[in-house]
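A short write-up of the structure that comes next.
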Amino acid sequence: MAVTAAVGAGLAFAAPAQAAVVIDTEDLRAAVTVDGVRAHQSALQSIADNNGGTRQAGTAGHEASVDYMQALLDDAGYATWTQEFEYERATLVGSTFEQISPVAAPYLYGADYLEMEGSGDATATVTGVDLVVGDPASSTSGCEASDFAGFPAGDIALIQRGTCSFESKVLNATAAGASGVIIFNQGNGDGRTGLFAGTLGDTFADIPVISAPFDLGTTLAATEDLVVHLEVDLQIDTVVTENLLADSPTGRTDRTVVVGGHLDSVGEGPGINDNGSGTAAILETALQIAALDIPLENRVRFAFWSGEEDGLLGSSYYVSQLSKSEIKGTALNLNFDMVGSPNAVNFVYDGDGSAFGTKGPVGSALIEGVFTDFFDSEDAPTAPSGFDGRSDYLGFIEAGIPAGGLFTGAEGLKTAAEAELFGGTAGVAYDPCYHQACDTFDNVSLETLDIMSDAIAHATLTFAETTSAVNGTAKGKGLGHNKTEAEFRGSSAVR
């Protein structure tokens, strides 16, 4: 996952239109210690160490992570169950991208290109499709079938990012007879210049498809008589995995508060910040609520999602299985994905849309307010993070369920303004080990994890103890959101 964030000089937030009932959460916050959270992170690290260095969905490492958490939750008195689902995952076996003429030149995977969901081998002339590199902010390249009028069948289509989904661009290209597709970044300076990870959603193309940075794309577009060799070899495997869910023994079932984070890691590493931080803090909050024997007004469902790293699949599956009455009976979703980043910012999801213009379903603004009020009480600054589709809240807001949560940053670079306000180092990623093998037990800011764990405990108990905090459940699609309008599906861009 990653972030879209804005930091202003004063970080002023508008007060929510409706205020949550004030709940005393001091005892719970005192019980949820950073040492307790770290004990769970240590267990997850050991699980990864014993299972090939990963806790990826569908692997023994993920299964052992579920077993570890479920055993603790069972012992604490929660009603637990697992929700199995399956999906197909494409794994890169090999790839080649090289210029054949006018001169031979290789391109480097991970720097010059990344694969999308397409597989095949093509050597052909590159033909640009409706490119507007001089005015990149208005690019609609490849969005219409008419863009491919006169396109020579068999050529490799060079398409610019912008406006419509990558899926639409590739479907139009294949319909026009393209033997491969290169989609290069838009180039408008708003995070759309470098190399990016993209997804074709539900489409798997039978031709090779790659992404490329803006500068390389413009170079390719300007090269006359360009011929390239493009090969992508993807292995498709069926993944069988499961979500872990745990219900509190008390609380109104028609006011269920879903507190979740993803338990799977990427295949490259153990994922102890992403997202062993969020899930460990959620688990410790659940265990301490039970240990303190707190009678809850509303049922809390603690959720540990799988398949997030492959496209938010576990949380989306969960929401898809809810009946209309179950959707109506879901008061809200709290999502905690990466809450211990080494070069952190205290990001809070922009529920009221004041920072990014896209609000969550009614009630999301109030959730944002509970978090910002808490950080204000601790004299800790915050910054807003957009509802752009990068984490497991997406399925909930698509269903009209209010949502909110916390995030401390992924691969994005900390700005100078953020470094001045939050400390840390400008120009360095919030988490330099994002999606890498070095995302280990040591890849965590203890100070950040401490205050985030307190915020998680505070918000969970606040919404568990009041029936008047959030309204707007089951209002239909969240404002400005549906599956095709999201900018991301997990860590991969949709458009």
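The values are calculated or read from the model by the stated rules, or taken from the named source; none is laboratory data. Predicted model, so just to flag it, every value in this text is computed and none were measured. Glycine also receives a Cβ, built like all others from the backbone with ideal geometry; neighbour counts cover every protein chain displayed. For the accessible areas, the whole protein counts, side chains as well, though only heavy atoms, and no ligand, DNA or RNA atoms are used. Shrake-Rupley method; radii C 1.70, N 1.55, O 1.52, S 1.80 Å.
Considering segment 183-193 alone, what residues qualify as being buried (at least 23 other Cβ atoms within 10 Å of the Cβ) and either more than 23 Å from the chain's Cα centre (by Cα) or in contact (Cβ under 8 Å) with a residue 40 or more places away in the chain (or both)? Walk me through how you get there before you give the answer.
First, pick out the residues of segment 183-193 that are buried (at least 23 other Cβ atoms within 10 Å of the Cβ): 183-187.
Hits for segment 183-193 are Ile183, Gln186, Gly187.
What is the one condition in (1) under 15 Å from Ala344 (Cβ atoms); (2) at pLDDT below 95 that Ala469 does not satisfy?
With respect to (1) under 15 Å from Ala344 (Cβ atoms); (2) at pLDDT below 95, Ala469 is out only on (1).
Name the residue, out of Gly340, Gly351, that is farther than 20 Å from His262 by Cα, in contact with a Ser or Thr (Cβ under 9 Å, 6 or more places away or on another chain) and assigned to a loop (DSSP other than H, G, I, E, B).
Numbers: Gly340 fails: farther than 20 Å from His262 by Cα.
Result: Gly351 is the single residue among Gly340, Gly351 that is farther than 20 Å from His262 by Cα, in contact with a Ser or Thr (Cβ under 9 Å, 6 or more places away or on another chain) and assigned to a loop (DSSP other than H, G, I, E, B).
Check off (1) of a type outside the set (D, E, K, R); (2) over 20 Å from Ala39 (Cα atoms); (3) touching a helix residue (DSSP H, G or I) at 6+ places or on another chain (Cβ under 9 Å) for Ser453 and give me the number that stays unchecked.
(2)
Quick one: how many residues across segment 74-109 are more than 16 Å from Asp206 (Cα to Cα) and either at pLDDT below 95 or open to solvent by 50 Å² or more (accessible area, probe 1.4 Å) (or both)?
Residues flagged as more than 16 Å from Asp206 (Cα to Cα) and either at pLDDT below 95 or open to solvent by 50 Å² or more (accessible area, probe 1.4 Å) (or both) within segment 74-109 amount to 15.
Can you tell me how many residues in segment 354-378 are touching a Ser or Thr at 6+ places or on another chain (Cβ under 7 Å) and open to solvent by 40 Å² or more (accessible area, probe 1.4 Å)?
So the count comes out to 1.
In segment 191-201, how many residues are of a type outside the set (Ser, Thr, Tyr) and under 11 Å from Pro136 (Cα atoms)?
Residues meeting the conditions: 1.
Within the set of pairs 6+ apart or on separate chains, which have a first residue in segment 72-90 that is within 10 Å of Val239 (Cα to Cα), a second that is assigned to a helix (DSSP H, G or I) and among the hydroxyl-bearing types (Ser, Thr, Tyr), and C-beta atoms under 7 Å apart?
Phe85/Tyr317
Which one of these does Ala290 not meet: (1) assigned to a helix (DSSP H, G or I); (2) closer than 24 Å to Thr91 by Cβ; (3) hydrophobic (A, V, I, L, M, F, W, C)?
Only one criterion in (1) assigned to a helix (DSSP H, G or I); (2) closer than 24 Å to Thr91 by Cβ; (3) hydrophobic (A, V, I, L, M, F, W, C) is unmet by Ala290, namely (2).
Of the residues that sit in segment 138-173 and are surrounded by fewer than 18 Cβ atoms within 10 Å (Cβ to Cβ) and of a type in the set (S, T, N, Q), which one is farthest from the chain's Cα centre (by Cα)?
Across segment 138-173, the extreme among qualifying residues is Ser146.
From the list Ala14, Ala9, Ala19, Ala5, which one is touching a helix residue (DSSP H, G or I) at 6+ places or on another chain (Cβ under 9 Å), modelled with pLDDT under 95 and buried (at least 17 other Cβ atoms within 10 Å of the Cβ)?
Numbers: Ala14 fails: buried (at least 17 other Cβ atoms within 10 Å of the Cβ); Ala9 fails: buried (at least 17 other Cβ atoms within 10 Å of the Cβ); Ala19 fails: buried (at least 17 other Cβ atoms within 10 Å of the Cβ).
Among Ala14, Ala9, Ala19, Ala5, only Ala5 is touching a helix residue (DSSP H, G or I) at 6+ places or on another chain (Cβ under 9 Å), modelled with pLDDT under 95 and buried (at least 17 other Cβ atoms within 10 Å of the Cβ).
Against the definition (open to solvent by 10 Å² or more (accessible area, probe 1.4 Å), at pLDDT 95 or above and closer than 22 Å to Gly94 by Cβ), how does Thr218 come out, yes or no?
On the way: open to solvent by 10 Å² or more (accessible area, probe 1.4 Å): yes; at pLDDT 95 or above: yes; closer than 22 Å to Gly94 by Cβ: no.
When the stated conditions are applied, Thr218 does not pass them.
For His458, indicate whether it is in contact (Cβ under 8 Å) with a residue 24 or more places away in the chain, assigned to a helix (DSSP H, G or I) and open to solvent by 10 Å² or more (accessible area, probe 1.4 Å).
Numbers: in contact (Cβ under 8 Å) with a residue 24 or more places away in the chain: yes; assigned to a helix (DSSP H, G or I): yes; open to solvent by 10 Å² or more (accessible area, probe 1.4 Å): yes.
The answer is yes for His458.
Ala280: within 23 Å of Tyr434 (Cα to Cα) and either among the hydrophobic types (A, V, I, L, M, F, W, C) or without any contact (Cβ under 8 Å) to a residue 40 or more places away in the chain (or both), yes or no?
On the way: within 23 Å of Tyr434 (Cα to Cα): yes; either among the hydrophobic types (A, V, I, L, M, F, W, C) or without any contact (Cβ under 8 Å) to a residue 40 or more places away in the chain (or both): yes.
So Ala280 fits the description; yes.
Just checking, does segment 60-70 include any residue being surrounded by 14 or more Cβ atoms within 10 Å (Cβ to Cβ) and not in a helix (DSSP H, G or I)?
no
From Thr285, Thr253, Thr279, which residue is over 25 Å from Gly198 (Cα atoms), of a type in the set (S, T, N, Q), open to solvent by less than 40 Å² (accessible area, probe 1.4 Å) and more than 21 Å from the chain's Cα centre (by Cα)? Give the steps one after another, and end with the answer.
Values: Thr253 fails: open to solvent by less than 40 Å² (accessible area, probe 1.4 Å); Thr279 fails: more than 21 Å from the chain's Cα centre (by Cα).
When all the criteria are applied, what remains is Thr285.
Just need a number here: residues in segment 389-416 that are assigned to a helix (DSSP H, G or I), in contact with a helix residue (DSSP H, G or I) (Cβ under 9 Å, 6 or more places away or on another chain) and either of a type in the set (Phe, Trp, Tyr) or within 23 Å of Ala344 (Cβ to Cβ) (or both). So that I can check it myself, show each step before the final result.
Within segment 389-416, the subset assigned to a helix (DSSP H, G or I) is 394-398, 416.
Adding the requirement that they be in contact with a helix residue (DSSP H, G or I) (Cβ under 9 Å, 6 or more places away or on another chain) leaves 394-398.
This time we only want the ones that are either of a type in the set (Phe, Trp, Tyr) or within 23 Å of Ala344 (Cβ to Cβ) (or both), so: 394, 396.
Here the count works out to 2.
Specify the residue that is most open to solvent (accessible area, probe 1.4 Å); the eligible residues are those in segment 293-328 that are within 22 Å of Tyr68 (Cβ to Cβ) and of a type in the set (A, V, I, L, M).
Restricting to residues being within 22 Å of Tyr68 (Cβ to Cβ) and of a type in the set (A, V, I, L, M), the top hit is Leu313.
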